[in-house]
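Asker: I have a structure I would like to understand better, so I am pasting it below and will then ask my questions one at a time.
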Amino acid sequence: MPVAASAIYFLNLRGDVLINRLYRDDVGGNMVDAFRTHIMQTKELGTCPVRQIGGCSFFYMRISNVYIVIVVSSNANVACAFKFVVEAVALFKSYFGGAFDEDAIRNNFVLIYELLDEIMDFGYPQNLSPEILKLYITQEGVRSPFSSKPADKPVPNATLQVTGAVGWRREGLVYKKNEVFLDIVESVNLLMSSKGSVLRCDVTGKILMKCFLSGMPDLKLGLNDKIGLEKESQLKSRPTKSGKTIELDDVTFHQCVNLTRFNSEKTVSFVPPDGEFELMKYRITEGVNLPFRVLPTIKELGRTRMEVNVKVKSVFGAKMFALGVVVKIPVPKQTAKTNFQVTSGRAKYNPSIDSLVWKIRKFPGQTESTLSAEVELISTMTEKKSWTRPPIQMEFQVPMFTASGLRVRFLKVWEKSGYNTVEWVRYITKAGSYEIRC
């Protein structure tokens, strides 16, 4: 695994070193002079956050009035280095009362050195969780007088939190009502031709959870994904039940998910953090159920008139409905006057974006709406280029519908005390980049 840092420097805007830490001996202590000479003094700070000077790589980021510079001499994991900087700044802010600037660093030299020793070892990032580090680095930082953020309460059982498998959840949580909220939120990205054929389509989704559970529960989530259903049928020696199965691509999980069990059983098992978190993200490229189909017809009648007809049809179930539907139909910049006829909703011309904006507050499923417009244009001698016809754009939100067809088959909660839980599941599909050529 490539290292993330050989050394880290904190500099002010003049280039003075406020504090630094060397983690490996493959870079010299004066390497910051090269950064100051070749980057800061040449005014090239805003061009690229990664630079190579004299066989060393410099990764830098500006936070408030402080530059954080990471130096490495070998092949390095750049993404890991910048992620480390972001998490380290969040950690410092939690100790300093929400402030991170030159004054906060000067007031907390001892604490910062202690934290830098804990959060990275020989160039490899370690635990950067503020909740965990505050269990055994109990020194309080000098808080900014302008900070209104209250001090975090300490969490008991430091040894279990640091060395155990559930560092993201503390023990002793008690709720009168044990509830789990699960949201599957998907964004549809589409590029469709004017004749209705799909040119590009995919769905990006995420599963958001909010848990209010007592104790240390173990949750098990089952989805109708293809791999999971096939693995379950093998374990139970039964054929897979008929029904739509989903092939998930580019799946990423929260750190609480037991990856060993997922690889063997293909089920999502986890001990959840308390409160709200993102359980997983995924992408789907095949078998996408489009919530809307749009058929546009635009006729240019000479240089001063244009007719626009757009038909929007909802493809989802008749018992469902979409909210906040907005259709943006581009028109030429020299538009002077527009007349509309719509079967539902309202439409108007927005000159700031050169578009006809058609808004429908509630769009039932298995229905269609049409817009007809006459557009009058100003004839100009300077306009020689033909109109390029940008694509029509849509915005919408469809509750209880997933474009991928992903469904929760079961959500099981087990805790040693055996309490009853209430599970809530919700589906939401939104428009990502939903475009139709006209």
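Asker: Taking the residues in the stretch 409-437 that are over 19 Å from the mean Cα position of the chain (by Cα) and open to solvent by less than 30 Å² (accessible area, probe 1.4 Å) as candidates, determine which candidate is farthest from residue 224 (Cα to Cα).
Answerer: Going through the qualifying residues, I end up with 436.
Asker: While we're on this one: Among the residues that make up the stretch 3-15, is at least one of them modelled with pLDDT under 85, under 14 Å from residue 85 (Cβ atoms) and hydrophobic (A, V, I, L, M, F, W, C)?
Answerer: Within the stretch 3-15, one or more residues are modelled with pLDDT under 85, under 14 Å from residue 85 (Cβ atoms) and hydrophobic (A, V, I, L, M, F, W, C).
Asker: For the stretch 364-421, list the strands (runs of 3 or more DSSP E) that sit wholly inside it and hold at least 2 residues that are closer than 30 Å to residue 267 by Cβ; which are they?
Answerer: Where strands (runs of 3 or more DSSP E) fall fully within the stretch 364-421 and carry at least 2 residues being closer than 30 Å to residue 267 by Cβ, they are 392-399, 408-414.
Asker: Additional query: From the list 313, 359, which one is within 22 Å of residue 290 (Cβ to Cβ), touching a residue at least 40 places away in the same chain (Cβ under 8 Å), out of contact with any Leu (no Cβ under 6 Å at 6 or more places or on another chain) and charged (D, E, K, R)?
Answerer: 313
Asker: How about the stretch 175-225: which of its residues are touching a Gly at 6+ places or on another chain (Cβ under 8 Å) and in a loop (DSSP other than H, G, I, E, B)?
Answerer: Selection gives 224 alone.
Matching residues to (1) assigned by the TED database to the domain that holds residue 78; (2) more than 16 Å from residue 83 (Cα to Cα); (3) surrounded by 15 or more Cβ atoms within 10 Å (Cβ to Cβ):
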| site | (1), (2), (3) |
| --- | --- |
| 96 | yes, yes, yes |
| 99 | yes, yes, yes |
| 102 | yes, yes, yes |
| 105 | yes, yes, yes |
| 109 | yes, yes, no |
| 116 | yes, no, yes |
| 126 | yes, no, no |
| 129 | yes, no, yes |
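Asker: Out of all the residues in the stretch 268-289, which are open to solvent by 20 Å² or more (accessible area, probe 1.4 Å) and outside any strand (DSSP E or B)?
Answerer: 271, 274, 285, 286, 287, 288, 289, listed by residue number.
Asker: Can you confirm whether residue 65 is under 22 Å from residue 136 (Cα atoms), among the polar types (S, T, N, Q) and touching a residue at least 12 places away in the same chain (Cβ under 8 Å)?
Answerer: Criteria not met by residue 65.
Asker: Run residue 333 past the list (1) modelled with pLDDT of 95 or more; (2) farther than 19 Å from residue 295 by Cα; (3) surrounded by fewer than 13 Cβ atoms within 10 Å (Cβ to Cβ) and report the number of the one that doesn't hold.
Answerer: Unmet for residue 333, out of (1) modelled with pLDDT of 95 or more; (2) farther than 19 Å from residue 295 by Cα; (3) surrounded by fewer than 13 Cβ atoms within 10 Å (Cβ to Cβ): (1).
One line per residue, one yes/no per condition, for (1) over 19 Å from residue 429 (Cα atoms); (2) in contact with a strand residue (DSSP E or B) (Cβ under 8 Å, 6 or more places away or on another chain); (3) among the small types (Gly, Ala, Ser); (4) at pLDDT 95 or above:
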residue: 170; (1), (2), (3), (4): yes, no, no, no
residue: 176; (1), (2), (3), (4): yes, no, no, no
residue: 182; (1), (2), (3), (4): no, yes, no, yes
residue: 185; (1), (2), (3), (4): no, yes, no, yes
residue: 193; (1), (2), (3), (4): yes, yes, yes, no
residue: 199; (1), (2), (3), (4): yes, yes, no, no
residue: 207; (1), (2), (3), (4): no, yes, no, yes
residue: 216; (1), (2), (3), (4): yes, no, no, no
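Asker: Another question, then. Does residue 150 qualify as being open to solvent by 70 Å² or more (accessible area, probe 1.4 Å) and either touching a Gly at 6+ places or on another chain (Cβ under 9 Å) or modelled with pLDDT under 90 (or both)?
Answerer: yes
The values are calculated or read from the model by the stated rules, or taken from the named source; none is laboratory data. Here the structure is a predicted model, which means the values were calculated and not measured. Cβ atoms come from the backbone with ideal geometry, glycine included; neighbour counts cover every protein chain shown. What goes into the accessible areas is simple: the full protein's heavy atoms, side chains included, and nothing from ligands, DNA or RNA. Shrake-Rupley method; radii C 1.70, N 1.55, O 1.52, S 1.80 Å.
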